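One structure below.
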Amino acid sequence: MMLEGWAAPDFGALFVVSGASGTGKTTLLQAALERVPGLEFSVSATTRAPRAGEQDGVDYHFVSPDQYREMVRRNELLEHAEVYGTMYGTPRAPVFAALAEGRSIVLDIDVQGAGQVREVYPEAVTIFVLPPRLEVIRERLQARGKDGPEVVERRIRDATEQLARCGEYDYLVMNDVLDTAHAQLQGIFLAELSRRSRRSSWVRALTGGAGA
Ligand code: 5GP
């Protein structure tokens with residue numbers, strides 16, 4: 001269900017969401033993107049192969065290592081990092097085009113990328129998704145069945161390392177009970193988009209220009 005009567009903010013926000021694979025971050029984000037008007041997903045470039053069901057240009061831009069290096073060389077990436085031996089990066093142009101038009105953007109990126117975004121865009125709102133227990137990550141990755149046992153173990157080690165940096169984030173979402181985590185994440189998006197600094201036009205409309 002969409003939010004009837006929701007008005008776009010005066011300025012879009014840049015949201016960064018991190019969290020280890022298996023925390024349910026993708027599920028939470030998909031629901032939020034459907035629910036929160038004007039919120040768009042930033043499609044990253046990656047050198048990894050598509051998983052079953054992933055679409056080029058929707059989930060990722062799947063590029064060759066040469067294409068990726070060319071994007072880095074031309075400085076086309078807002079941030080980029082190596083995660084699990086694969087290269088990932090956020091194309092810069094679509095992010096700033098969206099923000100300039102008052103749309104909001106969500107980046108699903110790792111802790112290294114989040115650090116780089118914070119450097120170039122300190123206004124970014126950063127959110128870290130936590131699993132209730134690390135063991136849950138193993139269960140979820142195994143149930144997803146898309147990664148081999150070695151990859152699952154590597155991702156758990158990586159989850160522990162990422163967790164050590166969650167203190168750098170503005171918000172934490174705990175994905176224990178899914179409905180609660182959905183409410184938490186969507187609540188963060190809606191609250192940030194309701195900041196007075198993004199809503200001067202409401203006050204101007206009501207006061208004829210005074211007060212905002
Ligand atoms: P996956 O391969 O499972 O889709 O993603 C693996 C990890 O890479 C996730 O933690 C995801 O957030 C991160 N990731 C995806 N796209 C980007 C990106 O553009 N930049 C960075 N720094 N990390 C990314």
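From the list 95, 63, 111, exactly one residue is more than 30 Å from residue 177 (Cβ to Cβ), within 13 Å of the ligand (Cβ to nearest atom) and in contact with a Phe, Trp or Tyr (Cβ under 9 Å, 6 or more places away or on another chain). Which is it?
Working: 63 fails: in contact with a Phe, Trp or Tyr (Cβ under 9 Å, 6 or more places away or on another chain); 111 fails: more than 30 Å from residue 177 (Cβ to Cβ).
Just a single option satisfies the conditions, and that option is 95.
Rundown of residues vs (1) hydroxyl-bearing (Ser, Thr, Tyr); (2) on the phi < 0 side of the Ramachandran plot; (3) in a helix (DSSP H, G or I), yes/no style:
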{"residue": "90", "(1), (2), (3)": "yes, yes, no"}
{"residue": "99", "(1), (2), (3)": "no, yes, yes"}
{"residue": "122", "(1), (2), (3)": "no, yes, no"}
{"residue": "136", "(1), (2), (3)": "no, yes, yes"}
{"residue": "153", "(1), (2), (3)": "no, yes, yes"}
{"residue": "172", "(1), (2), (3)": "no, yes, no"}
Answer from 32, 97, 13, 52 - the residue that is free of Cβ contacts under 8 Å to residues at least 24 places away in the same chain and aliphatic (A, V, I, L, M): 97
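Just to check your reading of the model, which residue among 69, 51 is outside any helix (DSSP H, G or I), more than 15 Å from the chain's Cα centre (by Cα) and not acidic (Asp, Glu)?
Numbers: 69 fails: outside any helix (DSSP H, G or I).
Result: 51 is the single residue among 69, 51 that is outside any helix (DSSP H, G or I), more than 15 Å from the chain's Cα centre (by Cα) and not acidic (Asp, Glu).
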Hey, residue 76 at pLDDT below 95, of a type in the set (D, E, K, R) and either within 13 Å of the ligand (Cβ to nearest atom) or farther than 21 Å from residue 151 by Cβ (or both) or not: no
All positions within segment 150-162 that are of a type outside the set (S, T, N, Q) and within 17 Å of residue 81 (Cβ to Cβ): 154, 155, 157, 158, 159, 161
Out of 113, 148, 167, 89, sole residue that is small (Gly, Ala, Ser) and at pLDDT below 95: 148
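The values are calculated or read from the model by the stated rules, or taken from the named source; none is laboratory data. Because the structure is predicted, anything quoted here is derived from the model rather than measured. Quick reminder, even Gly has a Cβ in these numbers, built from the backbone with ideal geometry, and neighbours come from all protein chains shown.
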